[in-house]
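The next block holds one structure in the form of structure tokens; read it before the comments.
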Amino acid sequence: MRIGILQTGLAPEALAPEMGDYPDMFARLLDGHGFTFRTWKVVEGELPASVAEADGWLITGSRHGVYEDHPWIPPLEQFIRDAFAARVPVVGICFGHQIVAQAMGGKVERFDGGWAVGATEYDFGGETLRLNAWHRDQVVTAPPGAKVIATNDFCTNAALLYDDRALTVQAHPEFRPEFVDGLMRTRGKGLVPDEVMAEAAAKLDLPIQDKTMAGRIAAFFKEPRA
């Protein structure tokens, strides 16, 4: 199964040589599930000609906000709607989670409650998964037809399911603890409050359920569709 990665952001230049860029992280996360990958750098204006160019689409995280005025955002939103219409499965992570919601009629805002950084617990219908987070923006209003499948006290719409069309998650299952540590060193200072980063640093050694989430993503992509 061929997964098209729609890259909407770039890893910090200081971290990429050692830890890879976002497509590399997703290839590692989903290793062993039988996927092949091709990347389109949407953040640089590159978009597939058709939703049929892959069997499923994965939209990455980004330092940009979905509500910002970038020329590549409206075409990406239309691509998402086209994928929905063609029933080609879409998975969105962080920015990807938010852009799918916005494209389908939801609302995304900068959250007044601040930042979520590092190991964070989410309630997936009675099952607790700890995943790494790095976000301030949130889906504050889920689109019509989206089902909330994960939540916590900080992030109400932490994961959304759009029947068999899209699965989106606010957290970053592809982020390893060492990458979160690197983000705090390269992007966090002056952006994320010191106390939030200190709390995240204290949790870097906690186990995360990234492989569990990878299994859910893989199962969603492979789900039989008419």
Problem set entry | Conditions (1) on the phi < 0 side of the Ramachandran plot; (2) modelled with pLDDT of 95 or more; (3) in contact with a helix residue (DSSP H, G or I) (Cβ under 8 Å, 6 or more places away or on another chain); number of the one not met by D31 | (3)
Seminar exercise, completed: Within the stretch 134-159, of all residues that are under 21 Å from D181 (Cα atoms) and touching a Cys at 6+ places or on another chain (Cβ under 8 Å), the one surrounded by the most Cβ atoms within 10 Å (Cβ to Cβ) is W134
Exercise. Here is a list of conditions, (1) surrounded by fewer than 20 Cβ atoms within 10 Å (Cβ to Cβ); (2) among the aliphatic types (A, V, I, L, M); (3) touching a strand residue (DSSP E or B) at 6+ places or on another chain (Cβ under 8 Å), and A54 meets all of them except one; can you say which number that is?
Worked result: (1)
Exercise. How do the pairs read when you match residues in the stretch 140-168 that are under 14 Å from G105 (Cβ atoms) with residues anywhere that are among the β-branched types (V, I, T) and surrounded by fewer than 21 Cβ atoms within 10 Å (Cβ to Cβ), using Cβ under 6 Å and keeping only pairs 6 or more apart or on different chains?
Worked result: N157/V148
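Name the single residue that is nearest to R185 (Cα to Cα) among those in the stretch 132-147 being within 15 Å of the chain's Cα centre (by Cα) and charged (D, E, K, R). Show your work before the answer.
Of the stretch 132-147, the ones within 15 Å of the chain's Cα centre (by Cα) are 132-139.
With charged (D, E, K, R) added as a condition, the list becomes 136-137.
Working: R136: 17, D137: 20 Å.
Across the stretch 132-147, the extreme among qualifying residues is R136.
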Problem set entry | Counted residues, the stretch 132-161 - those being out of contact with any helix residue (DSSP H, G or I) (no Cβ under 7 Å at 6 or more places or on another chain) and either part of a strand (DSSP E or B) or closer than 19 Å to E18 by Cα (or both) | 12
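Quick check on this structure: which one of G118, G188, G182 is at pLDDT below 95 and surrounded by 20 or more Cβ atoms within 10 Å (Cβ to Cβ)?
Numbers: G118 fails: at pLDDT below 95; G182 fails: at pLDDT below 95.
Checking each option against the conditions leaves just G188.
So which residues in the stretch 190-226 are assigned to a loop (DSSP other than H, G, I, E, B) and either within 15 Å of the chain's Cα centre (by Cα) or farther than 30 Å from A86 by Cα (or both), if there are any at all? Quick ask: steps written out before the conclusion?
To start, the set of residues in the stretch 190-226 that are assigned to a loop (DSSP other than H, G, I, E, B) comprises 190-193, 203-209, 223-226.
Within the stretch 190-226, G190, L191, V192, P193, K203, L204, D205, L206, P207, I208, Q209 qualify.
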Problem set entry | Residues located in the stretch 162-177, provided they are in a strand (DSSP E or B) and closer than 28 Å to M197 by Cα | T168, V169
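The values are calculated or read from the model by the stated rules, or taken from the named source; none is laboratory data. Because the structure is predicted, anything quoted here is derived from the model rather than measured. Note: ideal-geometry Cβ built from the backbone for every residue, glycine included; neighbour counts use all protein chains shown.
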